[in-house]
Every structure is written in C-alpha cells, then in structure tokens.
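*Asks:* If you scroll down you'll find the structure; I have some questions about it.
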Protein chains: 2
Amino acid sequence: MNAFFDRIRRRQGEVNSLLCVGLDPDPDRIPGEFLSQEKPIFAFNKMIIDATADYACCYKPQIAHFAAVGAEAELQLTIDYIQSLGIPVILDAKRGDVGSTGDFYAREAFDRYHADAVTANPYMGGDSLKPLLEREDKGVLLLCRTSNPGGADLQNLVLATGEQLFERVADLAANQWNNNNNVGLVVGATRPEELARVRQITGDMTLLLPGIGAQGGDVKASLAAGQGGGLIISASRSILYPQTSSPGQAAKATRDEINRYHSA
Amino acid sequence: MNAFFDRIRRRQGEVNSLLCVGLDPDPDRIPGEFLSQEKPIFAFNKMIIDATADYACCYKPQIAHFAAVGAEAELQLTIDYIQSLGIPVILDAKRGDVGSTGDFYAREAFDRYHADAVTANPYMGGDSLKPLLEREDKGVLLLCRTSNPGGADLQNLVLATGEQLFERVADLAANQWNNNNNVGLVVGATRPEELARVRQITGDMTLLLPGIGAQGGDVKASLAAGQGGGLIISASRSILYPQTSSPGQAAKATRDEINRYHSA
C-alpha cells in the first residue's frame, strides 16, 4: 500500500470515520460574517475544518471554487491548514493532458499545492496519466462512474466486448495503471449496482464515493456495494451548508450514519 | 455561427492563416534573458506574440504551464495582451465537472480570464458541459480523438454499435450538445484517417487540430482529411522553441506550409 492510502487507512482508524469532507466554498452561500474578512474563503474553510476535523478521514478541496475567483492563495492556506492537523488532502481537480502538459498538472497538484492525492480524468488514456502515476507517494483518483445523470452519456456505453465503458476504465485502472499501488477510482454513491461491479473488477482498490448528502446517494446501499476494499465517502454541500444543523453536527451525523452500516 | 467561431473565421481571412499558436511556456526552456525579468513568463509570451501575430488566427495558452508555477497573473496579462491586438484566445484547460462545480469552471475560463473559448473533457457527459455550452458567445472545444498514443485506451474502444468511442463523442457533439452552435472538437493532427471520420460525422463543425510540429502531425494529410468545415491548426513547441529559426520564422513557415495544401 502506498504512502497516501496507508495514511488514509490509519486516519480512518484513528477517527473511526470513512467521511471525506468536500470543500466547495461558494461565495453565494458563505455566511456574511466570513465575507467581510480579509480572506473570506479561507476563514470559512477554517471554520468548517475546525468543526469537522474529529469526524473526517480527509478533506477534498475542489479547485474550481477557488480558481473562479482567483483565490489560489486561499486554497494553499486551506491545504496547509488541513495538513498541519495531520489530515490528508485530496485536491479535486479532474485534470489530465498529454505528456508534456501532464507534467505541469502533476507539478500544480503536488509541487505547488503539496496535495496528498489528486482526482484525474482518464479520457486521454494511460500515457496522459503517467506524470501523476509516477508520483509513488501520492494518490491518483481516476473518474470511473460519476454521480451525475449525464455520466451515462459515455460511461454507460456498451462496448463490443459486452463491458460498459466505466467497467473498462476500472479494469485499466486495476490491471494496467496501478503499478505503483497509488490508484483509486471515483464512483458515485448514487449508483450502488455499478459500484458493486467496480468492486468486483478492482479487488480491494480504494474507491472514493461522492454523492452522499445533497446529491441523494444512499449510504446503506453504497456501503453494501462497496465492501471488500478501501472506501472514502465524500459529502460536501450537506456539511458546508446544512439546512437544520451546524457543519460539525452534520459531519458527525454523516459519520455516524456511515458507521451504522459499515462493518469495519 | 456563434460569436467566437465567427471571429475566428474573420481573423483567418484577415491574416490568411489557420494557425493557432499554443502558448506552453516551460520555465526550463525559456531563454535566460526572460527569466531575469520581473514577469518572465509574460515577457516570453509577449515576445512570442509580437513575433507571430501576423501569422496567427488565434492563441491557445495552456493553463497548467501557468498554474504549476503560480503564474495566474501572467496568464491574465497574456490573455489581455492577445485580446488587445484583436485576436481571439482559446484557454486550453480541458476542464469538466458535475453541475454545480461545472459552473465554477465556466466562471474561471470566461468570467475570470475572459477567454473567448475553452477546451473541455466530455467523459462526464452532457450535463457536466452545460455551464460551458450555455455561454452562447463563447466557444467550447471538446476532446474527441487526442494526439497521444494512449488516447487509444478509451477513444478507440469499439462500441456494441460498431462505432468507436471518439465517433460517438463526435456524434453527441454534433447532434445533442451543439444547440448554441458553439461547439468544436479537438482531433489530433497525428491521425488523418480518424479526422476524416470526424469530419464526416460533424459536417462543417470547426475542428481544432493539435499535434503539428513537435508531435509530428502531417499537415498535408490533415488538411485533406479535415476539409469541408472550419479548421484551426495548432502548433506549440515547434514555434516557441524552434531548433534552427526564430519563433516568427517558424510561425510564418508553418502558416505557409498549411496554405500550400489548404484550398481556402
């Protein structure tokens, strides 16, 4: 097991939690008390992190939420702050590009921001992922079956072999791209039957499951389908902007709901 | 025809050129005289732009080359400078994400950087592209068949229908995603036979062809295969870092080579 997945597993044991808190700071939804501060996004994130750290195995800042408003410095502060607490960071960037440019995406995620793992898009194939995969101590989480309905447009296409495209991606990830044991897959928690298929193909590979909470993913069904290997279960908006509780309460409730169905 | 593709076509007529100059500034290859300046990447880009503007229908800055070194401000300066000359800018970002996050990628490209068009990745499907496609005056250039060998890993998979995946992407782009006439496709100049197939599927859709120059794409074969609709032919490293001539000479030679085979 590589350094990143090893750290995730240890942290999951320490806080008894599979929950990844997604940091998708939306200026339209950040409370006014933060917006008046000098670094409003970082201030909001720090509040979220302080409130949820006891229940989180990792954090997943989504880079577009920072890039849209030129808040690269606040992204760096956010990552540094999480890591200062000893918690791993997945940079949700969904990058990918051909060789020479792929190097620069690896540098962005790992050398500039010092993320522990990054999400990436497999459409351009194995050589496009090589600069990420070569970082043996980092994690590379590849999109496989995403939680949105439109994910079906490509990912559910049936191949001549009878496989669906997302199954082929899972197969490539498990059998061709994982020489450094640093690959995981992103599979939406909104699709338990497809998650079960990915688990079957990939053995004990770690799977990142977004779609819990605001997107309506079913925790019980997802945990049943994903059992047999590493799981990281991600929630973002339901914890950052809870309707009837605080972020800390929402994180604890989500962690507890996961543990109700999770046989560790 | 939408505002972006209309501007490209007019500009192509004005400078008699299909050439797009890709701006992939690599700190390891930028001459020392620029590295000692306060804004080395912008200074290098400005030199390239000034030397090549007479031969370029547009520029395509590749965002990772800026992001890897925290040079967002120099990317903005570069885009502003190109646009001040009346030349359109394609931001090469290859983004894509589910609904709410997709919005932020659209804001990054179009509201923050004011790019005229952006490249995007179709793996997550139509709804992930919607925030980009809704920008009626902008261009959205979707990856279809990329110029790298590993592109075959997914893009050449044969579907149960007999199509290859890249053909299905071309079909979706032409028949489902192009309601605002603002979609184009990225098809590597390294694969003329596949380019011909994309042209057949997409009618007169504008195709962006990277892979000329350093990647060895065949200009004559690409022009023959791509005829019948809009073409933007992109070269980056062979113009930024020419072996035996200046960037201006390399751009002119590439433009002239394209025009040798292009029946306008």
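*Asks:* Would you calculate a helix-derived [θ] at 222 nm for chain A, using -39,500 (n - 2.57) for each DSSP H run of n ≥ 4 and dividing by the full residue count, to the nearest 500? If you can, show how the numbers build up before the last one.
*Replies:* Details: 13 runs with 117 residues, N = 264.
Value at 222 nm, helices only: -12500 deg cm²/dmol.
*Asks:* Report the convex hull volume per residue for the stretch A:3-261, counting only C-alpha atoms, in Å³. Kindly include the intermediate steps, with their values, before the conclusion.
*Replies:* Values: hull volume 30.9 nm³, N = 259.
Looking at the stretch A:3-261, the number lands at 119 Å³ per residue.
*Asks:* Still on this structure, please answer the following. Using a 10 Å cut-off around each Cβ of peptide B:87-94, what is the average number of partner chain Cβ atoms that fall inside? Mind dumping the intermediate values first?
*Replies:* Working: counts 0, 0, 0, 0, 0, 2, 3, 11.
Mean partner shielding for this stretch: 2.
*Asks:* Also, I was wondering about something else. Among the trypsin sites (Lys or Arg not before Pro) in the stretch A:1-104, which ones are in a DSSP loop with at most 14 other Cβ atoms within 10 Å of the Cβ? Mind listing them?
*Replies:* Numbers: sites: A:ARG7, A:ARG9, A:ARG10, A:ARG11, A:ARG29, A:LYS46, A:LYS94, A:ARG95; in loops: A:ARG29.
Here the sparse-neighbourhood loop sites are A:ARG29.
*Asks:* For B:PRO27, place a label point 7 Å out from Cα along the Cα→Cβ vector, do the same in each other copy, and report the separations in nm, one decimal, smallest first.
*Replies:* With the label placed 7 Å along Cα→Cβ, B:PRO27 yields 2.8 nm.
*Asks:* Next question. Average partner chain C-beta neighbours within 10 Å, per residue of A:161-171?
*Replies:* 2
*Asks:* Where does helix A:165-175 land angle-wise versus the long Cα axis of chain A, in degrees 0 to 90, nearest 10?
*Replies:* The angle comes out near 90 degrees.
*Asks:* For A:LYS46, which lysines qualify as cross-link partners when the Cα separation must be under 27 Å and same-chain residues fewer than eight apart are set aside?
*Replies:* A:LYS60, A:LYS94, A:LYS138, A:LYS252
*Asks:* What percent does the relative contact order of chain B come to when contacts are Cα pairs within less than 8 Å and at least six residues apart?
*Replies:* It comes to 20 percent, rounded to a whole number.
*Asks:* Relative to the Cα centre, what is the charge dipole magnitude of chain A, using +1 at the beta carbon of each Lys and Arg, -1 at the beta carbon of each Asp and Glu, and rounding to the nearest 20 debye? Can you show the working numbers first?
*Replies:* Working: 25 positive and 32 negative charges, 98 e Å.
For chain A, the charge dipole is close to 480 debye.
*Asks:* Relative contact order for the stretch A:116-208: what percent, with Cα pairs under 8 Å and sequence separation of 6 or more? Could you put the intermediate results ahead of the total?
*Replies:* Values: 132 pairs, mean separation 27.7, N = 93.
Once divided by the residue count of the stretch A:116-208, the mean separation gives 30 percent.
*Asks:* For the protein assembly as shown, state what percent of all Cα-Cα pairs lands in each successive 20 Å bin, counting from 0 Å until the bin that includes the largest distance.
*Replies:* Percent of pairs per bin, in order: 23, 56, 20, 1.
*Asks:* Kindly provide log₁₀ I(q)/I(0) values, in the same order as q = 0.20 Å⁻¹, from the Debye equation applied to equal alpha-carbon scatterers of the stretch B:128-260.
*Replies:* Debye curve over Cα of the stretch B:128-260, log10 I(q)/I(0) at q = 0.20 Å⁻¹: -1.14.
*Asks:* In addition: Using alpha-carbon positions, what is the distance between the centroids of the stretch A:65-113 and the stretch B:88-109, in Å?
*Replies:* 16 Å
Values in this text are rule-based calculations from the coordinates and carry no lab data. Since we're looking at a predicted model, the values are computed, not measured. Every residue, glycine as well, gets a Cβ built from its backbone with ideal geometry; the counts of neighbours run over all protein chains shown.
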